[in-house]
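Reviewing the structure listed below.
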Amino acid sequence: MEYKSFSEFETTFFLNKSNFCYLNSLRRTIMGDMPTLSVDLVYIEKNSSLLHDEFIAHRLSLLPLDSQNIKNLNYSMDCECNSYCQLCSRVFELNIIANENLKHVFSTHLLEVSSQKYSLERKPNLLNQHLKKINFDSEIIITKLTKGQSIKLICVAKKRNRKNACKMESCVKYKI
C-alpha cells in the first residue's frame, strides 16, 4: 500500500497487486464507519401529487445531504432528547404549489429551517421561520406536480452511519 495524500476529508492511496474482493471489503469497511446525514422522519401535511406519501418519504430518505459540519451533531442515540433537537438533527421544509402545467420538484427546493426544537406531534407551522437553501451538487427530482397540485412537508435528518441502516451509505469515490 502506498499513500499519496492524506487530509481531514480525503485520503488517496494505491493498492498494487490486490484482488477486487480485498478492495471491496476495504471500501465497505471505510464507508461503514463514516457518519452521514439522512432524512429519518417525514411529516407530510399536504400531498396532492400522484405519488403516495410513503414513496415520497422514501425518496427523501435517499437524498445525499451535505454532511460537511456533521462533527457538530450528536448521534441521536447519544442525545438526551426524546425524538430530535438541534443537537442531533436538522429540520427541512418543502412547500411547492404548481401554478403551471408541469412543475418538477427537485432536491434543491428543500429549505433548511433554522435550528430550533420542533415537535412533529404539534404539527408546526414553519413558514414564518428563517429558511436556508441547501447546496446540492446536482438537482435530484423528488416528484412532478401538475397544475393545481401541491406538496407541503417537514423532514428531519439525523446523524447516523451505515452500520445502522443502508440508506446512510456515504459517497466514496475510487478508481480501479
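The values are calculated or read from the model by the stated rules, or taken from the named source; none is laboratory data. Keep in mind that what you see is a predicted model, and the values were worked out from it rather than measured. In case anyone asks, the SASA skips ligands and DNA or RNA and just uses the protein heavy atoms, side chains included. Shrake-Rupley method; radii C 1.70, N 1.55, O 1.52, S 1.80 Å.
What order do S61, S48 take when sorted by accessible area (1.4 Å probe), most exposed first? Can you show the working numbers first?
Numbers: S61 10, S48 45 Å².
Descending order: S48, S61.
What accessible surface, in Å², does a 1.4 Å probe find on E54, ignoring ligands, DNA and RNA and rounding to the nearest 10?
Number for this one is 140 Å².
Quick one: check the C-alpha center-to-center distance for the range 26-56 versus the range 69-99, whole angstrom.
12 Å
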